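J.: After the structure tokens below, expect a handful of questions from me.
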Amino acid sequence: MNDESVKHGRLRVNEIFHSLQGEADAVGFPTVFVRLTGCPLRCQYCDTEYAFHAGEWRELAAILDEVRPFGARHVCVTGGEPLAQPNTLKLLTRLCDEGFEVSLETSGALDISAVDTRVSRVVDVKTPGSEEEPRNRIENFQFLTPRDQLKFVICSREDYDWSKEYMRAHRLEGRCQILFSPSYTQVPPTSLADWILADRLHVRFQLQLHKILWGDVPGK
Ligand code: SF4
């Protein structure tokens, strides 16, 4: 990102598309996704590697012009890692100002404190199985509210046990919703569901709805 792009309120956009929200609190709602380019992490299960580099620079106004015609009430700003681009904060506020229900999907590695408080923040907790666990930004937890969600993508039984202990050690329960998802193709969904029930764990199990409907394809 160069200084000119920041000054002129531009963002590098990988894709803008209309689909059903596949995860988190707004699951199932028709949603416009604004996928921004770039991510400083390299999770082993990443399904959006195509967003690491490819994308076009767009003015904020042009992004809004592209979002409105879909007529959706929900907009999800995702990536890559959206917060890697400073102008994402401005985009989130502009979307809220226009009356959209706005969510942000973020890796948990970058500071979320400056995100507009009207935004529902979906913050990853990177497990050891992601191979990016040291990137978790623990300082973010103090900013979480009940409208936010922490998402653990579980890659194995060891990851599940680690996640349980991590929740306890950082007193995450009650701070916001806690989501547990099986890593696509790595953990059978029924195994994760059984573990949660056996442990009487107060978390919300979720599957990625868009992958059930359309498979692992971009733009859905
Ligand atoms: S944080 Fe998200 S976009 Fe970045 S590498 Fe991990 S899964 Fe992929």
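The values are calculated or read from the model by the stated rules, or taken from the named source; none is laboratory data. The structure displayed is predicted, hence computed values, not measured ones. Using ideal geometry, Cβ is built from the backbone for each residue, glycine included, and neighbour counts are taken over all protein chains shown. When the accessible area is computed, the model is the full protein with side chains, heavy atoms only, and any ligands, DNA or RNA have been set aside. Shrake-Rupley method; radii C 1.70, N 1.55, O 1.52, S 1.80 Å.
J.: Can you pull out every residue in the stretch 111-139 that is within 17 Å of VAL34 (Cβ to Cβ) and within 12 Å of the ligand (Cβ to nearest atom)?
T.: Scanning the stretch 111-139 gives a single hit, VAL122.
J.: Another question about this same structure. Would it be correct to say that THR31 is of a type in the set (S, T, N, Q) and more than 16 Å from the ligand (Cβ to nearest atom)?
T.: Details: of a type in the set (S, T, N, Q): yes; more than 16 Å from the ligand (Cβ to nearest atom): yes.
Yes; evaluated as a whole, the condition is true for this residue.
J.: Has the stretch 146-167 got any residue that is more than 16 Å from the ligand (Cβ to nearest atom), aromatic (Phe, Trp, Tyr) and under 28 Å from SER19 (Cα atoms)?
T.: Looking through the stretch 146-167, none of the residues is more than 16 Å from the ligand (Cβ to nearest atom), aromatic (Phe, Trp, Tyr) and under 28 Å from SER19 (Cα atoms).
J.: Related question: Among the residues of the stretch 55-110, which ones are of a type in the set (Gly, Ala, Ser), under 19 Å from PHE143 (Cβ atoms) and open to solvent by 40 Å² or more (accessible area, probe 1.4 Å)?
T.: If the condition is that a residue be of a type in the set (Gly, Ala, Ser), under 19 Å from PHE143 (Cβ atoms) and open to solvent by 40 Å² or more (accessible area, probe 1.4 Å), then ALA84 is the only one that fits.
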